[in-house]
1. Kindly establish whether residue 181 is farther than 13 Å from residue 230 by Cα, over 56 Å from the mean Cα position of the chain (by Cα), surrounded by 17 or more Cβ atoms within 10 Å (Cβ to Cβ) and in the same structural domain as residue 229 (by TED's automatic domain parsing).
2. Of all residues in the range 157-185, count the ones that are more than 17 Å from residue 211 (Cβ to Cβ) and assigned to a helix (DSSP H, G or I).
3. Going residue by residue through the range 155-174, is there one that turns out to be modelled with pLDDT of 80 or more and not assigned by TED's automatic domain parsing to the domain that holds residue 223?
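The values are calculated or read from the model by the stated rules, or taken from the named source; none is laboratory data. Note that this is a predicted model, so its numbers are computed, not measured. Don't worry about glycine lacking a Cβ; one is built from the backbone with ideal geometry, like all the others, and counts go over all protein chains shown.
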Amino acid sequence: MQIDWITVAAQIVNFLVLVWLLHRFLYHPIVQAMDDREKRIASRLREAEENKLAAKQEADAYRSQRDTLDKEREQILARADEEAASTKRLLEDAARRDVEQRRKEWLMQLDDEKEQFLRDMRRRSAEHVLTLARRALSELADAQLEGQVAAAFAKQIEEIEPDVRERLIKACHDADGKIIVTTRLELDADAQRRLTRAVHKAITETAEVRYEQSEDTTSGIELRVGSQTLAWTFASFLDDLEQRLGRDLAEVRSPSKESPPA
């Protein structure tokens, strides 16, 4: 059998061209596509792994935040319970103090009313005693009693304080030396002379002493020198006694007020 080497060579060339063409246009693109796909798959796997890791980190962070929020909620609830209990205690204490304060005020008011009643009773009793004393002195007044009062008044003039003496001297000078002595009943001559000597000795020897009578003067003597007055009467004595009784009654305290608060 005779071999046609030209044909064999042509077939070989054709085969090589076919192989090259297949490699160039078929195998290479397929291999390239497979490599690209493998790279894309590997990239997606890495991305998925990264996403999985990120998701896990986010889940851990979420759990951590949830745990933190749970703890904070428990702390807030605990503080709210404590504040509620504290507020309740404060309100109860305030209510108790208010009730106790109202009770004390009520007791104080009761004591005030009791003290006011007792003061009124004491004041009225004192007023009745003073009224009776004034009436008795007015009815018992006579010339002999006026003479004794004049003697006592003369002694009082002789023993007046220096500042009172100075005021009387100045008032006498301003009144042109006129001095008026007023009594309820007329004084006898001896009583008038004794009073005049006492006035001249205590105030001034040039004073003009004039004696008058007045029904308004209750068993006593009143000496007027201008705007200055020096008196010794049972009425003034009773007025002073009345003022003292008034001050004493005003200072009266009940035992509950004097005792320190509990």
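1. On the way: farther than 13 Å from residue 230 by Cα: no; over 56 Å from the mean Cα position of the chain (by Cα): yes; surrounded by 17 or more Cβ atoms within 10 Å (Cβ to Cβ): yes; in the same structural domain as residue 229 (by TED's automatic domain parsing): yes.
So residue 181 does not fit the description; no.
2. If we filter the range 157-185 for residues that are more than 17 Å from residue 211 (Cβ to Cβ), which is where we start, we get 158-171, 173-174, 176.
Imposing the further condition that a residue be assigned to a helix (DSSP H, G or I) reduces the set to 158, 162-171, 173-174.
Summing the residues that are more than 17 Å from residue 211 (Cβ to Cβ) and assigned to a helix (DSSP H, G or I) in the range 157-185 gives 13.
3. No; the residues of the range 155-174 include none that is modelled with pLDDT of 80 or more and not assigned by TED's automatic domain parsing to the domain that holds residue 223.
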